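The values are calculated or read from the model by the stated rules, or taken from the named source; none is laboratory data. Please read all numbers here as calculations on a predicted model, not as lab measurements. A quick note on method: Cβ atoms are made from the backbone with ideal geometry, for glycine too, and the neighbour counts reach across all protein chains shown. Accessible surface areas use protein heavy atoms only, side chains included; no ligands, DNA or RNA. Shrake-Rupley method; radii C 1.70, N 1.55, O 1.52, S 1.80 Å.
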Amino acid sequence: MDKLHKIEIQINGESQWLPQDWSLQDLVSELKINPQQVAIAKNLEVIVRSQLKTTFLKPGDQIEIFHAVGGG
Amino acid sequence: MQNQKLQISNKTFHSRLILGTGKYSSNTMMQEAHEVSGTQMVTVAIRRIDLKAPPQESMLSYINQDKIALLPNTAACFTVKEAVQTAQLAREALKTNWIKLEVIGDPKTLFPDVAATLEAAKILIDEGFVVLPYVLDDPVACQKLEAIGCQAVMPLAAPIGSGLGIRNPYNLKIILEQVSVPVIVDAGVGCPSDAARAMELGCSALLMNTAIAGANDPVKMALAMRQAVEAGRNGFEAGRIAKKLYANASSPMEGVIQP
């Protein structure tokens, strides 16, 4: 597999080039995010934690990563 | 002397004060206010992570989740779709199916869109959520929300963050008569007497953020609110005397010294 071949995706609205064989789990590890405290949506659909490893990135995917912040 | 506990869905609470986690000057200040207030449930918002910001300690590490349950909200959602998606994200991020449902209808007053709130509540209840909706002090809306399966209703006292206090105690009384799920006053409380008043009316609990976080001394205000909620609730459970127009002496009128 050509690991150097990259695809363009959006992460929280920002364009990024990532290896084409990456899963969401790879992305979370790369960003040093604790997957236990976030929720990830791919193209507006929530991807549950157990599916991060088997959900692979495709060109043009919109990934959004959310966490809890202070609120009332 | 036994106090009645608050029961919402499958959870029992000793504290009738639900607090927010926003607007505190520091996480340690928030933590101390929560501790002093005795709260057993706090609200949090769900937002995108700022990937450009330097890594920060999570606000969650300042909440003792052994004692305090998390109640995520759908604040700042203006449509059914946004609110439902936010609830789904909250369930995934925080591992709770409880949601404080807010669907805002107007950015200036932050009043809820009642029709959209009902629609979102239906969807979320079907998906297995425990839905606690923020709603106007509208008895008909509260009845409808109860009828579709909301586990509590949360009418506002006044606009969010306004500190105006209870603008329509009579509507709250009607709501209390007409629904059997817990009635939690959410938003608008400014001072301890507002909190006590809501509890004296018979409300089950209070949810507040700005009144404490925005006080000059949030920790002292958290204590004052705890005392007010407890005093108001005890007063309600004790049963107040009827109001009368004329005096009714407390000391015997007989046996007074004769001139």
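Residue check: B:Leu60 meets all listed conditions (1) modelled with pLDDT of 95 or more; (2) open to solvent by less than 20 Å² (accessible area, probe 1.4 Å) but one, namely (1).
Can you find a residue that is out of contact with any Pro (no Cβ under 6 Å at 6 or more places or on another chain), surrounded by 24 or more Cβ atoms within 10 Å (Cβ to Cβ) and farther than 28 Å from A:Val38 by Cβ anywhere in region B:132-154? The answer is yes; a qualifying residue exists. Of all residues in region A:44-54, those satisfying the criterion of being over 9 Å from the mean Cα position of the chain (by Cα) and either over 22 Å from B:Arg47 (Cα atoms) or surrounded by 13 or more Cβ atoms within 10 Å (Cβ to Cβ) (or both) are A:Val46, A:Ile47, A:Arg49, A:Gln51, A:Lys53, A:Thr54. Residues in region B:71-125 that are among the aliphatic types (A, V, I, L, M), surrounded by 24 or more Cβ atoms within 10 Å (Cβ to Cβ) and more than 14 Å from chain A (Cβ to nearest Cβ): B:Val103, B:Ala120, B:Ala121. Contact annotation: residue pairs with Cβ atoms under 7 Å, 6 or more positions apart or on different chains, pairing a residue in region B:217-242 that is closer than 21 Å to B:Met30 by Cβ with a partner that is aromatic (Phe, Trp, Tyr) and buried (at least 17 other Cβ atoms within 10 Å of the Cβ), are B:Pro218/B:Tyr24. Within region A:1-12, the residues that satisfy the criterion of being open to solvent by 50 Å² or more (accessible area, probe 1.4 Å) and in contact (Cβ under 8 Å) with a residue 24 or more places away in the chain are A:Glu8, A:Gln10.
Residue pairs whose Cβ atoms lie under 7 Å apart, separated by 6 or more positions or on different chains, with the first residue in region A:13-39 and closer than 19 Å to A:Val69 by Cβ and the second of a type in the set (Gly, Ala, Ser), are A:Gln37/B:Ser58; A:Gln37/B:Ala93; A:Val38/B:Ala93; A:Ala39/B:Ala93. In chain A, counting only strands (runs of 3 or more DSSP E) that sit wholly within it, the ones holding 2 or more residues that are away from chain B (no Cβ under 11 Å) and either modelled with pLDDT under 95 or farther than 30 Å from B:Ser26 by Cβ (or both) span A:6-11, A:14-19. Taken as a whole, the condition of being within 14 Å of another protein chain (Cβ to nearest Cβ) and within 26 Å of B:Met221 (Cβ to Cβ) applies to B:Val42. Consider region B:157-213. How many of its residues are in a helix (DSSP H, G or I) and not aliphatic (A, V, I, L, M)? The number of residues fulfilling the criteria is 12.
Among the residues in region B:154-173, are any touching a residue at least 60 places away in the same chain (Cβ under 8 Å), among the basic types (Lys, Arg) and more than 24 Å from B:Gly22 (Cβ to Cβ)? Among the residues of region B:154-173, not one is touching a residue at least 60 places away in the same chain (Cβ under 8 Å), among the basic types (Lys, Arg) and more than 24 Å from B:Gly22 (Cβ to Cβ), which makes the answer no.
Working only within region B:214-227, note down all residues that are among the aliphatic types (A, V, I, L, M) and assigned to a loop (DSSP other than H, G, I, E, B). The answer is B:Ala215, and nothing else. Taking the listed residues B:Lys11, B:Lys52, the one that is under 18 Å from the mean Cα position of the chain (by Cα) and open to solvent by 60 Å² or more (accessible area, probe 1.4 Å) is B:Lys11, with no other qualifying.
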